[in-house]
1. Tell me which residues, restricted to the range 21-60, are surrounded by 13 or more Cβ atoms within 10 Å (Cβ to Cβ), over 21 Å from the mean Cα position of the chain (by Cα) and of a type outside the set (Gly, Ala, Ser).
2. Scanning the range 225-235 for residues that are within 10 Å of the ligand (Cβ to nearest atom) and not in a loop (DSSP other than H, G, I, E, B), which turns out surrounded by the fewest Cβ atoms within 10 Å (Cβ to Cβ)?
3. When both residues are 6+ apart or on different chains and their Cβ atoms are under 6 Å apart, which pairs have a first residue that lies in the range 263-292 and is closer than 23 Å to His311 by Cα and of a type in the set (Asp, Glu), and a second that is within 16 Å of the ligand (Cβ to nearest atom) and part of a loop (DSSP other than H, G, I, E, B)?
4. So which of Ser142, Ser101, Ser135 is crowded, with 18+ Cβ neighbours inside 10 Å, within 23 Å of the chain's Cα centre (by Cα) and not charged (D, E, K, R)?
5. Please go through the range 237-269 and give me each residue that is surrounded by fewer than 18 Cβ atoms within 10 Å (Cβ to Cβ) and either of a type in the set (Asp, Glu) or not in a strand (DSSP E or B) (or both), ordered by number.
6. Taking Gly210 as the residue in question, decide whether it is within 16 Å of Glu336 (Cα to Cα), part of a loop (DSSP other than H, G, I, E, B), more than 12 Å from the ligand (Cβ to nearest atom) and touching a residue at least 12 places away in the same chain (Cβ under 8 Å).
7. Conditions: (1) in a loop (DSSP other than H, G, I, E, B); (2) closer than 22 Å to Lys111 by Cα; (3) among the aromatic types (Phe, Trp, Tyr). Trp338 meets all but one. Number of the miss?
8. Only strands (runs of 3 or more DSSP E) wholly contained in the range 34-140 count here; list those with 2 or more residues that are in contact with a His (Cβ under 9 Å, 6 or more places away or on another chain).
Amino acid sequence: MLKITGTGLASANEVVFHGSFGRGDDEAVPVSSGSDRRAQARVPMGAVTGPLTIATSEGSESTPTLPVAILPPPPPAPNPVLSPVPGPHDAGAPDVETGTSRTRAFVGARKAVTFSYRVSGAAASALTVQLVRVSDGVPIVSWTPDPLAVGEVQSVSWDGRVDNVAAEPGRYAFRLTAASATGASAQSAQTGDLERDAFDLYDHIFPVRGKHDFGGEGAQFGAGRAGHSHQGHDVFAECGAPMVAARGGRVQFKQYHAAAGNYVVIDGAGTDVDYVYMHLAEPTPFRPGDRVYTGQPIGSVGETGNARGCHLHFELWNKPGWYDGGKPFDPFPALEAWDGWS
Ligand SMILES: [Zn+2]
């Protein structure tokens, strides 16, 4: 439960949890106000760390708050190896085992998540695999694989996209239905099972894979620098700490600059945002035009160029992009949210 104090709250209608940048992870819930100065709202399952706004029913909106830290929901129970399913089973239906490779997946990863299954006992004459959005039970992808021989293992993989568009972050689950020639069917899970073959999909991964801190005031976006202001946020880590792409996409620039050191700019797939990584210990092995997946190693933390202490200088630019008409914006709320789950 979120408790809110302020003024003018009697007209509050909903609270919007803005999460990271972009609207994909926004969550709105109704707010109940006891008075003009106090209100409360239930934190929804999918809300992630970020600023909040409060809106009235007429559509006017408060200024955003500072980011509010929200712990991610506990991940679903893992079942990475095949195990017998808990779902409904008609007499004479095939016996089904399923497994799901991970409980946490990322949009734009090379292989977000893999679902495997095996049928035994009776043969299956029809198979359906659905990927269901757990929040409302709606299937968003389905597969009808050819029936497999009894005892054989098959799998389907999902890359976090639906019709080439990134799916919204949240919890998803695979569901298998196997029917015998007589029509007796077995399902891998009960309707409403939030755990079986479920995983949480996130839209970014934290780029520094090791111990890190967010520095002091000088590390912040907008901090004073000689002749300009700081256009990113500095994330301090051990020299050589691995660095990965927070979001996959296309490499736009890979260069060395006297101030930035070794740097790389990645145009994030489906985000309208450019991701900039500076002071890498060595040049990234990727070249302009290369495709990079979310979570793929792109280099390591260094202090090349004008840097004091090993750190990642990280920038986010809105469209049309980095030094191409776009503008940098404060990446800290996003970094803090990503750090919370990855
Ligand atoms: Zn910096």
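1. Hits for the range 21-60 are Val31, Asp36, Arg37, Arg38, Gln40, Arg42, Thr53, Ile54, Thr56.
2. Start the filter on the range 225-235 by keeping residues that are within 10 Å of the ligand (Cβ to nearest atom), which leaves 225, 230-235.
Add one more test, that the residue is not in a loop (DSSP other than H, G, I, E, B), and what stays is 225, 233-235.
Values: Arg225: 12, His233: 25, Asp234: 23, Val235: 25.
Here the residue is Arg225.
3. Once the first residue is closer than 23 Å to His311 by Cα and of a type in the set (Asp, Glu) and sits in the range 263-292, its partners that are within 16 Å of the ligand (Cβ to nearest atom) and part of a loop (DSSP other than H, G, I, E, B) give Asp274/Trp322.
4. Working: Ser142 fails: crowded, with 18+ Cβ neighbours inside 10 Å; Ser135 fails: crowded, with 18+ Cβ neighbours inside 10 Å.
None of the other options fit; the residue is Ser101.
5. Glu238, Cys239, Gly240, Ala258, Ala259
6. Details: within 16 Å of Glu336 (Cα to Cα): yes; part of a loop (DSSP other than H, G, I, E, B): yes; more than 12 Å from the ligand (Cβ to nearest atom): yes; touching a residue at least 12 places away in the same chain (Cβ under 8 Å): yes.
So Gly210 fits the description; yes.
7. (1)
8. On the way: elements: 38-41, 52-56, 95-100, 104-106, 113-120, 126-133.
Because the criterion is at least 2 residues that are in contact with a His (Cβ under 9 Å, 6 or more places away or on another chain), the strands (runs of 3 or more DSSP E) in the range 34-140 that meet it are 52-56, 95-100.
FYI, it's all coordinate maths here, none of it is from the lab. If you're wondering where the values come from, they're calculated on a predicted model, not measured in any experiment. Counting neighbours? That spans all protein chains shown, and the Cβs are built from the backbone with ideal geometry, glycine included.
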